[in-house]
Structure formats: structure tokens, C-alpha cells
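Enquirer: Quick one: the structure is below, and I'll ask about it shortly.
The values are calculated or read from the model by the stated rules, or taken from the named source; none is laboratory data. Every value quoted in this text rests on a predicted model; they were computed, and no experiment measured them. Glycine gets a Cβ as well: all are built from the backbone with ideal geometry, and neighbour counts include every protein chain shown.
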Amino acid sequence: MAVAIKVHDHPSKDLEEQATKALETEEAFDYSKRSQWLRAAVLGANDGLLSTAALMMGVGAVRRDNKTMILTGIAGLVAGACSMAIGEFVSVYSQYDTEMEQIKREAMHGNVGKAEIEAKEKKLPSPLKAAAASALMFAVGAIVPLLAAAFVMDYHVRLMVVIGSVSFALIGFGGLSAKLGKAPVIKSISRVLIGGWLAMGITFGLTKLVGSTGL
């Protein structure tokens with residue numbers, strides 16, 4: 001009588017297969033799909049952070065009182081958020097119109113069915129959502145230097161606190177964007193950090209130079 005012998009696979013083989021499938025799934029994921037919302041969010045936050053901090057540093061080069069610096073930061077936050085929202089709205093609406101016209105042409109020539117047309121229309125970008133997200137992220141970035149300077153009365157300490165807080169925020173934004181986009185973290189952080197220091201330094205130096213002329 002033949003005896004059937006069942007050979008069980010080694011548990012480590014199952015673990016290896018699961019790990020391989022997980023890796024394949026991760027590699028198959030298209031990280032470029034994140035690019036649109038990631039671009040708006042990161043650029044909005046970075047712009048809010050750097051433009052507001054640079055404005056505050058520039059005014060701080062000629063006016064040492066805390067109130068003037070804070071008012072400058074608030075004005076920069078409001079103006080910048082509005083500018084970002086309008087710019088993003090116009091940009092995304094242009095893209096929306098272009099894609100909508102393409103869908104209409106395809107429908108007119110009968111290249112796609114009604115269900116496919118409706119599916120494409122649902123995937124179209126929302127100008128209002130893009131504008132709101134851009135303005136919100138700008139405000140989030142702008143709040144960092146404002147909060148850093150709000151409660152520091154000493155002039156030199158205030159400048160150092162603003163620079164330090166902005167630097168930490170830039171490291172965070174740079175690292176987050178690199179992590180989500182699967183980009184090199186160190187390179188991403190270095191770019192935004194050096195760029196931020198240059199923006200604040202150039203604004204401070206040029207404003208100080210102009211202020212020294214008595215204008």
C-alpha cells in the first residue's frame with residue numbers, strides 16, 4: 001500500500017513570498033500621481049514660510065520694534081495666501097478647460113462611451129479645492145515665523161528665533177516632500193534649507209543697505 005507523504009513548505013518561504021509581493025506592490029505604485037497635490041501643498045507652505053520670514057527679516061533690518069515686524073508678517077500672510085489662491089485657481093481652471101474640451105471632442109466623435117466620459121469628468125481637477133489648499137498651506141507656512149517672533153521682545157534674540165524656527169520648518173517640509181515623493185531626503189532638505197537662508201539673508205542685507213542710504 002502506497003503511503004502519501006505531504007511535505008509542508010518551510011515557514012520562511014511563505015514570509016519571503018509575502019515580502020516579495022509587498023515590494024512589488026510598492027514598486028508598482030505610481031508616486032507621480034501624488035505630484036499634483038504634493039506640489040501645491042509643499043510649494044504653498046514653503047512660499048508662505050519663506051516669503052513671510054523674508055519680509056519680516058527685511059523690515060527687521062531697519063525697524064527693531066516687535067509690532068512692526070508682526071504687522072509685516074500678517075500683511076505678508078494675507079496678501080500671499082490670496083495671491084497663491086488666485087494663481088492656483090487660474091492655473092487649474094485652465095487645465096480643467098483644456099481637459100474638458102478634449103472630453104467633449106471624444107464624445108462628439110463617439111470614441112468613448114457615456115460611462116467612460118462620466119468617469120473622466122469626475123477625475124478632473126477642482127480649481128476651488130486647489131485654490132483653497134494652496135492658500136491654506138501658504139498660511140500654515142507663514143504662521144511659523146509669526147509665532148516665533150510674536151512673544152520675543154529683544155531684537156537680536158527675535159531675529160535668531162525667526163531664523164531657527166524657519167530652518168526647522170524647512171527641514172520638516174523638505175523631508176516630508178522627499179518622503180512622500182520617494183526622493184533623496186538629504187538632497188531635498190539641503191536645497192530648501194540653503195534656499196531659505198539665501199532668501200532671508202539677501203532680503204535682510206539689501207533692505208539694510210537701502211535703509212542706510214536714508215531713503
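Enquirer: For the condition charged (D, E, K, R), part of a helix (DSSP H, G or I), farther than 14 Å from MET56 by Cα and touching a residue at least 24 places away in the same chain (Cβ under 8 Å), what is the one hit in GLU88, GLU121?
Expert: GLU88
Enquirer: Do you know which residues across region 170-213 are loosely packed, with under 13 Cβ neighbours inside 10 Å, touching a residue at least 12 places away in the same chain (Cβ under 8 Å) and under 22 Å from the mean Cα position of the chain (by Cα)?
Expert: Residue satisfying the conditions is LYS182 alone.
Enquirer: With the condition kept exactly as written, say whether any residue in region 19-41 is buried (at least 17 other Cβ atoms within 10 Å of the Cβ), modelled with pLDDT under 90, closer than 16 Å to LEU136 by Cα and not basic (Lys, Arg).
Expert: Scanning region 19-41 turns up at least one residue that is buried (at least 17 other Cβ atoms within 10 Å of the Cβ), modelled with pLDDT under 90, closer than 16 Å to LEU136 by Cα and not basic (Lys, Arg).
Enquirer: Follow-up. Among (1) farther than 13 Å from MET69 by Cα; (2) surrounded by fewer than 18 Cβ atoms within 10 Å (Cβ to Cβ); (3) not aliphatic (A, V, I, L, M), which single condition is ASP154 missing?
Expert: ASP154 satisfies all of (1) farther than 13 Å from MET69 by Cα; (2) surrounded by fewer than 18 Cβ atoms within 10 Å (Cβ to Cβ); (3) not aliphatic (A, V, I, L, M) except (1).
Enquirer: Still on this structure, please answer the following. Mind listing just one residue for me: the one in region 59-79 that is surrounded by 14 or more Cβ atoms within 10 Å (Cβ to Cβ) and of a type outside the set (A, V, I, L, M, F, W, C) and, of those, nearest to GLY205 (Cα to Cα)?
Expert: GLY60
Enquirer: Right, here's the next one. Could you please find all residues in region 146-167 being under 15 Å from PHE204 (Cα atoms) and either among the charged types (D, E, K, R) or in contact with a Leu (Cβ under 7 Å, 6 or more places away or on another chain) (or both)?
Expert: ARG158, VAL166
Enquirer: Considering only region 80-99, I want to know if a residue exists there that is among the polar types (S, T, N, Q), at pLDDT 90 or above, surrounded by 14 or more Cβ atoms within 10 Å (Cβ to Cβ) and closer than 20 Å to TRP197 by Cα.
Expert: No: region 80-99 contains no residue that is among the polar types (S, T, N, Q), at pLDDT 90 or above, surrounded by 14 or more Cβ atoms within 10 Å (Cβ to Cβ) and closer than 20 Å to TRP197 by Cα.
Enquirer: Since ALA142 meets every condition but one in (1) at pLDDT below 90; (2) buried (at least 18 other Cβ atoms within 10 Å of the Cβ), which condition does it not meet?
Expert: ALA142 satisfies every listed condition except (1).
Enquirer: Then there is this: Going through region 101-118 one residue at a time, which ones are surrounded by 13 or more Cβ atoms within 10 Å (Cβ to Cβ) and part of a helix (DSSP H, G or I)?
Expert: Scanning region 101-118 gives ILE103, GLU106, ALA107, GLU116, ILE117.
Enquirer: In addition: Does ASP47 satisfy the criteria of being modelled with pLDDT of 85 or more, assigned to a helix (DSSP H, G or I), of a type in the set (Asp, Glu) and surrounded by fewer than 21 Cβ atoms within 10 Å (Cβ to Cβ)?
Expert: yes
Enquirer: Looking only at region 149-160, which residues are under 16 Å from THR72 (Cβ atoms), aliphatic (A, V, I, L, M) and either in a helix (DSSP H, G or I) or out of contact with any helix residue (DSSP H, G or I) (no Cβ under 6 Å at 6 or more places or on another chain) (or both)?
Expert: Correct list: ALA149, ALA150, LEU159.
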